[in-house]
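Quick notes on the structure that follows.
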Amino acid sequence: EDQVTQSPEALRLQEGESSSLNCSYTVSGLRGLFWYRQDPGKGPEFLFTLYSAGEEKEKERLKATLTKKESFLHITAPKPEDSATYLCAVQAMDSNYQLIWGAGTKLIIKP
Amino acid sequence: DVKVTQSSRYLVKRTGEKVFLECVQDMDHENMFWYRQDPGLGLRLIYFSYDVKMKEKGDIPEGYSVSREKKERFSLILESASTNQTSMYLCASSVGSLINYGYTFGSGTRLTVV
């Protein structure tokens, strides 16, 4: 069964304390892996798409990496405004439209 | 700026009412989706549509129906609202079958059924 698992469920960091969020996936052929950011009371906002093992994407303090079994979202020197829930989703090779979603990691950055 | 607009941010309805949630996108996207999001359960797909008048059931279609008469508009209908349908409802759209740029989500409708 196709599955996406995110860890940890929640992460509290001090401002400037770098860390990583994990997204493990089991899918019959990966078409793409997606990271989203969701602020409270809002819809998720697209961050990155990764397609193949070894690929990396960066945006400001965020860097996403991909292996054959998992993806990491690295946060370097985070600021309080990086606090949000980060969602991971995968598209299987045999799916044209649907994404399989993880439950998310709630990130809290304390000043 | 591209947008997915959901008609209501907050909605309170009574048990048994028929409820309509509207979603409009201005990006000419082929695909549109309705999700619900509940704490601890994540995003669950209710229905999606890959073309006008076309619809497919998602993971939890029971108690819901959808309508897509125009490309830009996708409506979710709760035939007879129940308290277990209290949730955050998210509409999303995407282009084609290669979701290079992911989904674009609306801001959500928080529905409370009393």
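The values are calculated or read from the model by the stated rules, or taken from the named source; none is laboratory data. Quick caveat: nothing in here was measured; it's all calculated off a predicted structure. Here the Cβ positions follow ideal geometry from the backbone for every residue, glycine too, while neighbour counts run over all protein chains shown. Just the protein is used for accessible areas: all its heavy atoms, side chains included, with ligands, DNA and RNA removed. Shrake-Rupley method; radii C 1.70, N 1.55, O 1.52, S 1.80 Å.
Details
- Taken over the stretch A:22-56, the criterion of being charged (D, E, K, R) and either under 26 Å from B:Val4 (Cβ atoms) or facing chain B (nearest Cβ under 8 Å) (or both) is satisfied by A:Arg31, A:Arg37, A:Asp39, A:Lys42, A:Glu45.
- Any hit, the stretch A:27-36, residues being in contact (Cβ under 8 Å) with a residue 24 or more places away in the chain and surrounded by fewer than 13 Cβ atoms within 10 Å (Cβ to Cβ): yes
- Scan of the stretch B:17-45 for residues that are within 16 Å of B:Ser65 (Cβ to Cβ), open to solvent by less than 80 Å² (accessible area, probe 1.4 Å) and out of contact with any Leu (no Cβ under 7 Å at 6 or more places or on another chain), ordered by number: B:Glu17, B:Glu22, B:Cys23, B:Met32, B:Arg36, B:Leu45
- Qualifying residue in the stretch B:87-101 (condition: in contact (Cβ under 8 Å) with a residue 40 or more places away in the chain, farther than 18 Å from A:Leu99 by Cα, away from every other protein chain (no Cβ under 12 Å) and of a type in the set (A, V, I, L, M)): no
- Candidates B:Arg73, B:Arg9, B:Arg36, B:Arg44 - the one that is in contact (Cβ under 8 Å) with a residue 12 or more places away in the chain, closer than 22 Å to A:Thr49 by Cα and either charged (D, E, K, R) or more than 14 Å from every other protein chain (Cβ to nearest Cβ) (or both): B:Arg44
- Selection count where residues are among the charged types (D, E, K, R) and within 24 Å of A:Ala89 (Cβ to Cβ), scope the stretch B:73-114: 1
- From A:Ser83, A:Ser71, A:Ser95, A:Ser18, residue being open to solvent by 40 Å² or more (accessible area, probe 1.4 Å) and of a type in the set (Gly, Ala, Ser): A:Ser18
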